[in-house]
Every structure is written in C-alpha cells, then in structure tokens.
Amino acid sequence: MMGVYGYKTKKNLKESLGKPFQYVETSMFAPEYKGDGKYTVVGPDAYNNRKWYATVTIANGVITKVE
C-alpha cells in the first residue's frame, strides 16, 4: 500500500482527476508503483495519520479514477 502526499482528504484526491499522481513508496523491499494500473493508497500521511483509504486508477501517469 502506498501513501499519498498533497491530498488532505479523499475528496481532494478525487478533485485531482487528470493530474499527475503524487505518492510515497512505503515498502522497504521493492517499489510498489509500476506505472499504469490500480493502486490502494492511504492518506493523508502513510506513516503518522492514516485517516482514509482509496483505490486509484492511473493511466498515462495521471489519475483517471478514485474509488
């Protein structure tokens, strides 16, 4: 699960459709982000403040859907 930055709420993330995805790698084993696809993310801070979760779909490096 990746963290996100720059999105204080899930609503802020949804408002970012069509914009580049801003994320934080949280795995110490291997990069989680592999390009286009679906990702489960946590926000607003993956390490200290896990208030919401979302599934983000990325296409061509931009956010196309937030669930």
Exercise for the section: Determine the sum of side-chain charges near Q22: Lys and Arg each +1, Asp and Glu each -1, restricted to other residues whose C-beta is under 15 angstrom from that of Q22. Expected result: 0
Practice task
Could you calculate the contour length gain from V24 to T9, that is, 0.36 nm times the residue separation minus the distance between their Cα atoms, to one decimal place in nm?
Solution key: 3.8 nm
Exercise for the section: Could you check how much of the accessible area of the chain is carbon and sulfur, as a whole percent, using a 1.4 Å probe? Expected result: 53
Completion exercise
Note on the chain: C-alpha Rg/Rh, Kirkwood Rh, two decimals, gives 0.93
Exercise for the section: Using a cut-off of 11 Å between beta-carbons, work out the net charge of the residues near Y53 (Lys and Arg +1, Asp and Glu -1, Y53 not included). Expected result: +2
Practice task
Find how much the distance from R50 to K38 grows on full extension, using 0.36 nm per residue of separation minus their present alpha carbon separation; answer in nm with one decimal.
Solution key: 2.4 nm
Exercise for the section: Please give the peptides 56-67, 29-40 ranked by average Cβ packing (other Cβ atoms within 10 Å per residue), highest first, as a rough proxy for protection. Expected result: 56-67, 29-40
Completion exercise
Taking the chain and counting helices only, DSSP H stretches of n ≥ 4 at -39,500 (n - 2.57) each over all residues, the nearest-500 ellipticity at 222 nm comes to -1500 deg cm²/dmol
Practice task
Count charges around I63 for me, please; just the other residues with Cβ under 14 Å from its Cβ, Lys/Arg as +1, Asp/Glu as -1.
Solution key: +3
Fill in the blank from the handout: Quick calc: nm separation of the 7 Å Cα→Cβ label points for N60 and M1 -> 3.1
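The values are calculated or read from the model by the stated rules, or taken from the named source; none is laboratory data. This structure is a prediction, so every number in the text was calculated from the model and none was measured. Glycine gets a Cβ as well: all are built from the backbone with ideal geometry, and neighbour counts include every protein chain shown. Areas reflect the complete protein model, heavy atoms only, side chains present, ligands, DNA and RNA absent. Shrake-Rupley method; radii C 1.70, N 1.55, O 1.52, S 1.80 Å.
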